[in-house]
Number of protein chains: 2
Amino acid sequence: MSQNSTVNRRFVLASRPKGAPVAENFRLEEAELPTINDGQLLLRTVYLSLDPYMRGRMSDAPSYAAPVAIDEVMTGGAVSRVVESKHPDFKTGDWVVATNGWQDYAAIDGKLARKLEGAALKHPSLALGVLGMPGFTAYMGLLDIGDPKPGETVVVAAATGPVGSLVGQIAKLKGCKVVGIAGGEDKCRYAVEHFGFDECIDHRGEKLEQRLKEACPRGIDVYFENVGGKVFDAVLPLLNTKARVPLCGVVSQYNAQGLPKGEDRLMLLTNTILKKRLRIQGFIIFDDYGHRYPEFAGQMSEWFSADKIKFREHIVEGLEQAPDQLIGLLEGKNFGKLVIQVGDEAQ
Amino acid sequence: MSQNSTVNRRFVLASRPKGAPVAENFRLEEAELPTINDGQLLLRTVYLSLDPYMRGRMSDAPSYAAPVAIDEVMTGGAVSRVVESKHPDFKTGDWVVATNGWQDYAAIDGKLARKLEGAALKHPSLALGVLGMPGFTAYMGLLDIGDPKPGETVVVAAATGPVGSLVGQIAKLKGCKVVGIAGGEDKCRYAVEHFGFDECIDHRGEKLEQRLKEACPRGIDVYFENVGGKVFDAVLPLLNTKARVPLCGVVSQYNAQGLPKGEDRLMLLTNTILKKRLRIQGFIIFDDYGHRYPEFAGQMSEWFSADKIKFREHIVEGLEQAPDQLIGLLEGKNFGKLVIQVGDEAQ
């Protein structure tokens, strides 16, 4: 069944995953459309963003955000059209971004919705990628924590993903050498040819550290960390003195159950931080940098309008696809910013 | 044999330690006094500083500084009197700080020596402690990276050592709650009664994390890391969101041979940095902050003169004691800033 005007389809969290999520962790329900109070908007989801952080919200381990409760609608950012407004700043038909969750309709406080502007109005799904949260994450993490200087070497993984592809492009705009890491030759070729990376290395091949070393003959000055695991292991010995490591995610670890056996390398990391005088800093984009959103929006809009920023979307039609697509995202199966088209753009 | 005017006693590195250093790693030699060239000073060592970083220089593992070569004089900072000067800024009898190494006499470029000033002239050995490198380390690491705010909780280990005791005192001057960690009840009592720490916990007792948690009911906002190991393990779960961890040493690890077996907690640490949005940053004081030495010297001199800063020295007489004392320092046997008195203060 596709989106209609009388039923609210929604995915709730049926159970918590053990390791990788499976389809049974999600349950599709049908409900009545929500009603709205003063100050609220009734939103119809057009595009739903799927992002790695969602795996964290499915667990009840302590994290930076409260978990989704069992039987609660899965969380998620979305681009919507306003169906009904009881907030003076919005009217029916407006395009907005808000945290609708995985459902056709959501009742959202007007103050928690943001109207689309500029380029996003011509291409609304970009408000979930280059012109939205992933773009903001790349921009602030790279520029504020990474602080790249012209001529420095910047490395980022998930190079064709929405965050990685922008980290690389912004670093190029700042005069850096950019080396990407991605899963598979197609993605690597695309990172170089489409996004303008200087090099891109397939992490699925052998001797990752050796190939990364060859690609970074002057070492690594900024490593934008979004995956963790074996990529981090390969990067660590190549970091230069006073390198910076902004850390926005460790997607390779989200499905991990317990810690691996073997040597305990915790002190290896702290010793390396000392010897190389590293700065490693975690950040959660809207919590840490929400007040700088206008700076990002202005600069990115300028670059985008001047055709200095490329993007790639991976749009999948149908809300019912969301669980399988999130499962695939955590395995690196997407190629570009993963978006579920839940409904039509037309009002 | 004690210091005289015709022989230069010196300790060279005889062999590299495996694990903890032993006496046989050092060799006492006698040599002629060095001669000096234009621009140089002939210095007579009065006080030799012993510091944990020296263990690192005894190894040839990659580190932030070149290792001491076999048969080369052990490195070390010292307070000296000028015996002969071929540099226009110095004259015989001046008090200076320089990297003499473990020996009676050293030929040092004038531009690498710093004259004692102010309070240090009245108490020259303090130029190796509160008014010198350890003080500077505490000051910049705490204030620049730690960035403590009034009311926040600051934790530091080696609380009666030259760095830890100053971190705690400066944090108190900044309005923080300060919890120290030290080895033994005597040191803990001293940290509270003499240095004004709010609490101090003996890391030799059981349930370190539990006792630390009770001492820090609002969590930890700044952890000044100078020891690593089990103290770091106890601190990590108690760090607050956006806590800062300046990292100047991991003395508990300097004698370690290889990594411990068990779970590999490297990703536990990176996951924690992400979830808590931590900032962990290593620094080497003169490399990173040399340009800000005057700021430190001015502020510390002001506090010191106003009797706002306490210190404790642990002075041992005789150059021949240096190896045993360094070995003991790495085991936490010193109580206060460890200094070897190599010669008389009088010219």
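Taken over the range B:21-69, residues that are basic (Lys, Arg) and over 21 Å from the mean Cα position of the chain (by Cα) amount to 2. The one condition from (1) in contact with a Phe, Trp or Tyr (Cβ under 8 Å, 6 or more places away or on another chain); (2) more than 18 Å from B:Pro52 (Cβ to Cβ) that B:Pro162 does not meet is (2). Among the residues of the range A:262-283, those identified as within 7 Å of chain B (Cβ to nearest Cβ), in a helix (DSSP H, G or I) and either touching a Leu at 6+ places or on another chain (Cβ under 9 Å) or under 20 Å from B:Thr241 (Cβ atoms) (or both) are A:Leu266, A:Met267, A:Leu268, A:Leu269, A:Thr270, A:Ile273, A:Leu274. Residue count for the range B:23-44 satisfying the condition of being over 25 Å from B:Arg114 (Cα atoms) and surrounded by 13 or more Cβ atoms within 10 Å (Cβ to Cβ): 6. For the range B:86-98, the condition holds for no residue, the condition being that it is in a loop (DSSP other than H, G, I, E, B) and within 28 Å of B:Ile327 (Cβ to Cβ).
Would you mind stating whether A:Asn240 is outside any helix (DSSP H, G or I) and within 13 Å of another protein chain (Cβ to nearest Cβ)? Spelling it out, A:Asn240 is indeed outside any helix (DSSP H, G or I) and within 13 Å of another protein chain (Cβ to nearest Cβ). Scanning the range A:305-314 for residues that are over 16 Å from A:Val97 (Cβ atoms) and outside any loop (DSSP other than H, G, I, E, B) yields A:Ser305, A:His314.
Can you say whether A:Val245 is more than 17 Å from A:Ile309 (Cβ to Cβ), more than 14 Å from chain B (Cβ to nearest Cβ) and modelled with pLDDT of 95 or more, as far as the supplied structure shows? Step through it out loud before you land on a result.
Values: more than 17 Å from A:Ile309 (Cβ to Cβ): yes; more than 14 Å from chain B (Cβ to nearest Cβ): no; modelled with pLDDT of 95 or more: yes.
Spelling it out, it is not the case that A:Val245 is more than 17 Å from A:Ile309 (Cβ to Cβ), more than 14 Å from chain B (Cβ to nearest Cβ) and modelled with pLDDT of 95 or more.
From the list A:Gly328, A:Gly332, A:Gly343, the one residue that fits, being surrounded by 14 or more Cβ atoms within 10 Å (Cβ to Cβ), in a helix (DSSP H, G or I) and not β-branched (Val, Ile, Thr), is A:Gly328. Of A:Ala322, A:Ala297, all but one fail to be modelled with pLDDT under 95 and assigned to a helix (DSSP H, G or I); the exception is A:Ala297. Hey, can you tell me all the residues within the range A:45-77 that are surrounded by 17 or more Cβ atoms within 10 Å (Cβ to Cβ), of a type in the set (Phe, Trp, Tyr) and outside any strand (DSSP E or B)? Correct list: A:Tyr53 only.
The values are calculated or read from the model by the stated rules, or taken from the named source; none is laboratory data. All of these numbers come straight from a predicted model, not from anything done at the bench. Every residue, glycine among them, receives a Cβ derived from its backbone with ideal geometry; neighbour counts consider all protein chains shown.
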